[in-house]
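Structure first, then comments.
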Amino acid sequence: MNRLLFTALLFIGLLTSCSNNEVTVSGRIVGTAGKMVYLEKSATLDQSIVDSVKMDAAGNFELILSDAPTTPSLYHIIHEGQRIPLLLTAGEQVEINAAGNISHTYEVVGSVESELLRRFNKEYMAGAAKLTQIAAKYAAAADEQTQAALNKEYAAVYTKTKQMQLRFINEHKGNIAAVYALYQRLPNDIYLFKGDSDIIYYKTVADAISKSYPNSPYLSILRSQIARMDAQLSLISQITETSIPELIIPDMYGNDVALSSLQGKVILLQFWSAELGNSNAMNADLKQIYSQYHDKGFEIYQVAIDTSRATWINSVQEQGLPWISVCDLMGQQSSALSIYNVQTLPYNYLFDAEGNILGKQLTTEQLEQKLQTLF
């Protein structure tokens, strides 16, 4: 072969090899005052900026991701505090165009997984925003008729959005976009579906990803999650037995308080959140019940699912809660939620003096009826 031709082909090959290890993200953003655009890598435990550029006068930009992953991985375009999620793979040339509120208006070309992500987010974020609006109207409503109508509207929007999410996961289970959808939660949701049933969706996606992207780092994350869920289901099964799964959580003074230390008493294990602010009326009713039955052997072990120590302690003190109040400050990552399969907040379990479960998710009226029977 002609040496000059060989050298040219080799040079072209090297260029192609280099470009295949890169991702180019270019496009145009208009209708905003900001000038800088950032490309952020979103890892499991942290985020880092991998490239940034100043837009030209027309809003055009180009970002380069060197040493790009060989399977789709999560990145974000950031502009003026708004974020566009992308699932990028080495060799892609992605084009983004957006105007104004970029997280809602953007279009993406050149990345199949990123387009799937856009389609999911558009409907999901619209549903979540609608739920927030309805909740705000409910809080401001002055009459029960309006509240009842808003409750009905909230339930309809919630169901529609949740069904869309589950349908997307099932239809695109072999795509990394389905992994992203697995971990999205509507306001006040802890679980994807119904707690125990979540593992089915995780296993479905993991099985499909193992075939479409066997080398994806998200596959090992899914398998670890499934292993934890299997272990949690094993612990949850103990709740139907006479042995109450142990919790050891610090109180506001930093002292660890074990649930087992209340053995021999009738125990209400109550989960709530000071940050959500939806338990004040319940706490007021519980105080009356507690004052009536505490001397007879009734105790409340109340677990706050919060991340702000100040918010939690202030709420406990302002409401004058007289029972055992504990919080690990892990919020929705608290292992207590998994151990007791807590699906919403507030949530509770009632145990008798022998550790047998007498009921769960009891209203204050149902709780009082149970205690009247016991005492």
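The values are calculated or read from the model by the stated rules, or taken from the named source; none is laboratory data. If you're wondering where the values come from, they're calculated on a predicted model, not measured in any experiment. Quick reminder, even Gly has a Cβ in these numbers, built from the backbone with ideal geometry, and neighbours come from all protein chains shown. Heavy atoms of the whole protein, side chains included, go into the accessibility calculation; ligands, DNA and RNA do not. Shrake-Rupley method; radii C 1.70, N 1.55, O 1.52, S 1.80 Å.
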Can you pull out the residues in region 22-44 that are part of a loop (DSSP other than H, G, I, E, B) and under 19 Å from residue 102 (Cβ atoms)? 31, 32, 33, 34, 35
Residue hits (region 248-277; assigned to a loop (DSSP other than H, G, I, E, B) and over 21 Å from residue 370 (Cβ atoms)) are 252, 253, 254, 255, 273, 274, 275, 276, 277
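With respect to residue 180, is the statement that it is at pLDDT 90 or above and of a type in the set (Ser, Thr, Tyr) true? Give the derivation first.
On the way: at pLDDT 90 or above: yes; of a type in the set (Ser, Thr, Tyr): yes.
Spelling it out, residue 180 is indeed at pLDDT 90 or above and of a type in the set (Ser, Thr, Tyr).
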Lone unmet requirement of (1) modelled with pLDDT under 90; (2) in contact with a Leu (Cβ under 6 Å, 6 or more places away or on another chain); (3) over 23 Å from residue 209 (Cβ atoms) for residue 100: (2)
Of all residues in region 293-319 being within 24 Å of residue 357 (Cβ to Cβ) and in contact (Cβ under 8 Å) with a residue 40 or more places away in the chain, which is surrounded by the fewest Cβ atoms within 10 Å (Cβ to Cβ)? 296
For residue 129, which of the numbered conditions (1) assigned to a helix (DSSP H, G or I); (2) open to solvent by 60 Å² or more (accessible area, probe 1.4 Å); (3) among the hydrophobic types (A, V, I, L, M, F, W, C); (4) free of Cβ contacts under 8 Å to residues at least 12 places away in the same chain fails to hold? (2)
Among the residues in region 51-61, are any at pLDDT 90 or above, surrounded by fewer than 18 Cβ atoms within 10 Å (Cβ to Cβ), within 30 Å of the chain's Cα centre (by Cα) and not basic (Lys, Arg)? yes
What do you reckon, is residue 218 of a type in the set (Phe, Trp, Tyr), farther than 30 Å from residue 355 by Cα, open to solvent by 70 Å² or more (accessible area, probe 1.4 Å) and at pLDDT below 95? no
So residue 163 fits all but one of (1) polar (S, T, N, Q); (2) over 21 Å from the mean Cα position of the chain (by Cα); (3) exposed (fewer than 14 other Cβ atoms within 10 Å of the Cβ); what number is the exception? (2)
Restricting attention to region 79-123, which residues are in a strand (DSSP E or B) and under 24 Å from the mean Cα position of the chain (by Cα)? 79, 82, 83, 84, 85, 86, 87, 88
Within region 45-65, the residues that are within 22 Å of residue 177 (Cα to Cα), in a loop (DSSP other than H, G, I, E, B) and not acidic (Asp, Glu) are 45
